[in-house]
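See structure below.
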Amino acid sequence: MTKIWEIQIFLFKEVMNIAKILTSTATTAAQRPAVSFGRKQILNYAELAERSLSLAAGITDCLGLKMGDHVALIMKNCPEYIEILFGLWSAGISVVPINTKLHQNEFSFILDHSQSRICFCSPGLVDILTPLVPAISRLEAVISVGEPAYDNLFTGRKKGVVEELEPHNLAWLFYTSGTTGRPKGAMLTHRNLDVMLNSHLADIDDIGEQDCCIHAAPLSHGSGMYVLPHIARGANNVIPESGGFNTQETLELLSHYHGCSAFFAPTMLHRLIQDPAAQSANLNGLKNIVYGGGPMYLEDLKKALSILGPRLSQIYGQGEAPMTITGLTRDMHTDHETEAGVARLKSVGVPRSGVVVKVFDEEAQELPPGEIGEVVCRGDIVMAGYWRNLEATAETLKSGWLHTGDVGFIDQSGFLTLKDRSKDMIISGGTNIYPREVEEVLLQHPDVQEASVVGRLDPDWGETVVAFIVPSEGSQVDTDDLDTFCIDHIARFKRPKTYHIVDSLPKNNTGKILKIELRKLLKEKTDEICNV
Ligand code: AMP
């Protein structure tokens, strides 16, 4: 006999699966374009939903995967990315999208740590990834998209279903660079992704069926998140044929499509407006470029507004609260003349719907407007924690607040301005680089006794990595040799662009290297730079 408390649990149990947005759009907008490659439509919504469900059946039937498993994606942007995301979610499997530009050692760490059972990859990466399989305990296979092993997953007669999950179930393991030198996997739940998509529609852009999103930024990061609101509203997801970003292709797509949105890291926006072709391009199709993921120079922003018009919005978020801590809407970009207007352009905007944002002092007490401290936030957007890393979770999620590691202040009108990052992180081209992971590599070199890494402002990349090196006794440091050593051990984009060879590093009385002093030194030492 059913007891009363069992009935209550039944009544209140919420079911959710982010993949349902696709099945729902496939009924209301079946014939609308869902995925395009360049100018060519690849799938409409009915076809995308069918392929995703068929893939869900294939991975469970042919590969034996089950609900709760993890599958990694090491893929450049391509049309298949979207059916794979939805196919895996439909089957109740969590995705682990990984930046394709990482080093083989970094792939190996994340594949192992995430406990991925399968890795889908771009054809060009199969030779790097396949040799990793025997050494990674849970990894069973690497499947290259477009190869027969991939196509076979769609040939079964069984139709997949969208599994009913709970809101707290894991949807996306988002690996961020780690302060300890190891990447950390932010656990994003189906609830987090649902909140992110609805908040985008509420605060940033009201998308319609006639619109499209140009996915020139990596789908493993911000652009992947923006697939969701576009699917929910039946808009077209356009993948550039280059699988990435170049200004000419982007301008060409913006002149071809209508109602275009895109997520751009500041570096991409900088490059777009530096291209003389942007001045004369037909931008009638551009609706909204959402920039974020790293600091934007005011001069670039003003130039972008003068070339592109008031079609820019900014988001501030992090892997731990994806794309959704604060936002600066298109309307908030219109005044670039008055002091108040410029102050807003320098800010990252106001808290997003359903997110509470505060600034704390070192004792976790809220600071009044104008005072600088650590930015914290809470709300349904905040991750569930770091995968298999209780220590980092406890350091980051304290008393219900996500401690972002960013430093800033909130003004009287509620606009947040970021001043610094408390975790020394460098953001180059919109991608995080933690100094520690670069330092750990440099310190392995026999000619290096001590190494410390800081970021230097760069008009193109936002920041570039600069290393200070104390040579081992009796050694002559060859910076070309250090460069090759870095290429052999970490992703190319993380290696220092400049080296300074010094006799000692500035330290406090407990021996901690003073990065503030190094940054001061950097300003003075421009003459002695050894660029590689
Ligand atoms: P990620 O986890 O890779 O998305 O990086 C998140 C970090 O990027 C944040 O903690 C900030 O330091 C930085 N960031 C993100 N958005 C912005 C923005 N709009 N302005 C300045 N920095 C940003």
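Quickly run through the range 291-333 and pick out the residues that are among the aliphatic types (A, V, I, L, M) and more than 10 Å from the ligand (Cβ to nearest atom). First the steps, then the outcome.
Of the range 291-333, the ones among the aliphatic types (A, V, I, L, M) are 296, 298, 301, 304-305, 307-308, 312, 315, 321, 323, 325, 328, 332.
Scanning the range 291-333 gives Leu298, Leu301, Ala304, Leu305, Ile307, Leu308, Leu312, Met332.
Among helices (runs of 4 or more DSSP H) lying entirely in the range 101-188, which contain 3 or more residues that are away from the ligand (no atom under 16 Å from the Cβ) and within 24 Å of Ala392 (Cα to Cα)?
Values: elements: 104-113, 126-129, 148-151.
Fully inside the range 101-188 and qualifying: 104-113.
Conditions: (1) at pLDDT below 95; (2) surrounded by fewer than 20 Cβ atoms within 10 Å (Cβ to Cβ). Ala277 meets all but one. Number of the miss?
Here Ala277 meets the rest and fails (1).
Of all residues in the range 444-463, how many are away from the ligand (no atom under 16 Å from the Cβ) and part of a strand (DSSP E or B)?
Residues that pass the stated criteria total 7.
How many of the residues in the range 99-109 are within 14 Å of Ser220 (Cα to Cα) and either free of Cβ contacts under 8 Å to residues at least 40 places away in the same chain or crowded, with 24+ Cβ neighbours inside 10 Å (or both)? Please lay out each step first, then the result.
Filtering the range 99-109 for residues within 14 Å of Ser220 (Cα to Cα) gives 99-102, 107.
Restricting the remaining residues to those that are either free of Cβ contacts under 8 Å to residues at least 40 places away in the same chain or crowded, with 24+ Cβ neighbours inside 10 Å (or both) gives 107.
Qualifying residue count, the range 99-109: 1.
Does Asp483 meet the test of being more than 30 Å from Ile273 (Cα to Cα), more than 27 Å from the chain's Cα centre (by Cα) and not hydrophobic (A, V, I, L, M, F, W, C)?
Numbers: more than 30 Å from Ile273 (Cα to Cα): yes; more than 27 Å from the chain's Cα centre (by Cα): no; not hydrophobic (A, V, I, L, M, F, W, C): yes.
The answer is no for Asp483.
Would it be correct to say that His215 is at pLDDT below 95 and within 30 Å of Glu166 (Cβ to Cβ)?
no
Which of the residues belonging to the range 380-401 are of a type in the set (Gly, Ala, Ser) and either closer than 21 Å to Glu363 by Cα or more than 20 Å from the chain's Cα centre (by Cα) (or both)?
First, the residues of the range 380-401 that are of a type in the set (Gly, Ala, Ser): 384-385, 392, 394, 399-400.
Ala392, Ala394, Ser399, Gly400 - these are the residues of the range 380-401 that are of a type in the set (Gly, Ala, Ser) and either closer than 21 Å to Glu363 by Cα or more than 20 Å from the chain's Cα centre (by Cα) (or both).
Look at the range 123-142 and say how many of its residues are closer than 16 Å to Ile84 by Cβ and in contact (Cβ under 8 Å) with a residue 60 or more places away in the chain.
1
Check off (1) assigned to a helix (DSSP H, G or I); (2) over 30 Å from Gly293 (Cα atoms) for Val441 and give me the number that stays unchecked.
Just one mismatch for Val441, condition (2).
Yes or no: the range 240-263 includes at least one residue that is within 16 Å of the ligand (Cβ to nearest atom) and under 16 Å from Asp460 (Cα atoms). Lay out the reasoning, then the answer.
Keep residues of the range 240-263 that are within 16 Å of the ligand (Cβ to nearest atom), which gives 262-263.
With under 16 Å from Asp460 (Cα atoms) added as a condition, the list becomes none.
No; the residues of the range 240-263 include none that is within 16 Å of the ligand (Cβ to nearest atom) and under 16 Å from Asp460 (Cα atoms).
In the range 394-413, which residues are outside any strand (DSSP E or B) and away from the ligand (no atom under 15 Å from the Cβ)?
The answer is Ala394, Ser399, Gly400, Asp411, Gln412, Ser413.
Against the condition out of contact with any Cys (no Cβ under 8 Å at 6 or more places or on another chain), over 28 Å from Phe109 (Cβ atoms) and hydroxyl-bearing (Ser, Thr, Tyr), how does Thr189 come out, does it pass? I'd like the intermediate steps shown before the answer.
Details: out of contact with any Cys (no Cβ under 8 Å at 6 or more places or on another chain): yes; over 28 Å from Phe109 (Cβ atoms): no; hydroxyl-bearing (Ser, Thr, Tyr): yes.
Answer is no for this residue.
Would you point out which residue out of Asn192, Asn198 is part of a helix (DSSP H, G or I) and within 16 Å of the ligand (Cβ to nearest atom)?
Working: Asn198 fails: within 16 Å of the ligand (Cβ to nearest atom).
Going through Asn192, Asn198 in turn, just one is part of a helix (DSSP H, G or I) and within 16 Å of the ligand (Cβ to nearest atom): Asn192.
For Asp151, work out the one condition from (1) of a type outside the set (A, V, I, L, M, F, W, C); (2) closer than 23 Å to Thr431 by Cα; (3) without any contact (Cβ under 8 Å) to a residue 24 or more places away in the chain it doesn't fulfil.
Among (1) of a type outside the set (A, V, I, L, M, F, W, C); (2) closer than 23 Å to Thr431 by Cα; (3) without any contact (Cβ under 8 Å) to a residue 24 or more places away in the chain, the lone unmet condition for Asp151 is (2).
If you take the residues in the range 421-430 that are out of contact with any Pro (no Cβ under 9 Å at 6 or more places or on another chain) and part of a strand (DSSP E or B), which one is nearest to the ligand (Cβ to nearest atom)?
Result: Arg421.
A quick yes/no check of all residues on (1) crowded, with 23+ Cβ neighbours inside 10 Å; (2) at pLDDT below 95:
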{"position": "His258", "(1), (2)": "no, no"}
{"position": "Ala262", "(1), (2)": "yes, no"}
{"position": "Asn284", "(1), (2)": "no, yes"}
{"position": "Ile289", "(1), (2)": "yes, no"}
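Applying the selection to the range 498-512, what residues are surrounded by fewer than 18 Cβ atoms within 10 Å (Cβ to Cβ), in contact with a strand residue (DSSP E or B) (Cβ under 9 Å, 6 or more places away or on another chain) and not small (Gly, Ala, Ser)? Give the steps one after another, and end with the answer.
Taking the range 498-512 first, the residues surrounded by fewer than 18 Cβ atoms within 10 Å (Cβ to Cβ) are 501-504, 506-512.
Keeping just the survivors that are in contact with a strand residue (DSSP E or B) (Cβ under 9 Å, 6 or more places away or on another chain) gives 501-504, 506-507.
Scanning the range 498-512 gives Ile501, Val502, Asp503, Pro506, Lys507.
When the residues of the range 172-198 are narrowed to those that are hydroxyl-bearing (Ser, Thr, Tyr) and within 15 Å of the chain's Cα centre (by Cα), which ends up modelled with the lowest pLDDT?
Only one residue tops the list, namely Ser177.
So Leu272 ticks every box in (1) in contact (Cβ under 8 Å) with a residue 40 or more places away in the chain; (2) crowded, with 24+ Cβ neighbours inside 10 Å; (3) away from the ligand (no atom under 16 Å from the Cβ) but one. Which box is left unticked?
Unmet for Leu272, out of (1) in contact (Cβ under 8 Å) with a residue 40 or more places away in the chain; (2) crowded, with 24+ Cβ neighbours inside 10 Å; (3) away from the ligand (no atom under 16 Å from the Cβ): (1).
With respect to Val350, determine if the residue is surrounded by 15 or more Cβ atoms within 10 Å (Cβ to Cβ), in contact with a strand residue (DSSP E or B) (Cβ under 9 Å, 6 or more places away or on another chain) and under 18 Å from Val407 (Cα atoms). Please lay out each step first, then the result.
On the way: surrounded by 15 or more Cβ atoms within 10 Å (Cβ to Cβ): yes; in contact with a strand residue (DSSP E or B) (Cβ under 9 Å, 6 or more places away or on another chain): yes; under 18 Å from Val407 (Cα atoms): yes.
Yes, satisfied.
The values are calculated or read from the model by the stated rules, or taken from the named source; none is laboratory data. Bear in mind that the values here come from a model prediction, so they are computed numbers and not experimental data. Every residue, glycine as well, gets a Cβ built from its backbone with ideal geometry; the counts of neighbours run over all protein chains shown.
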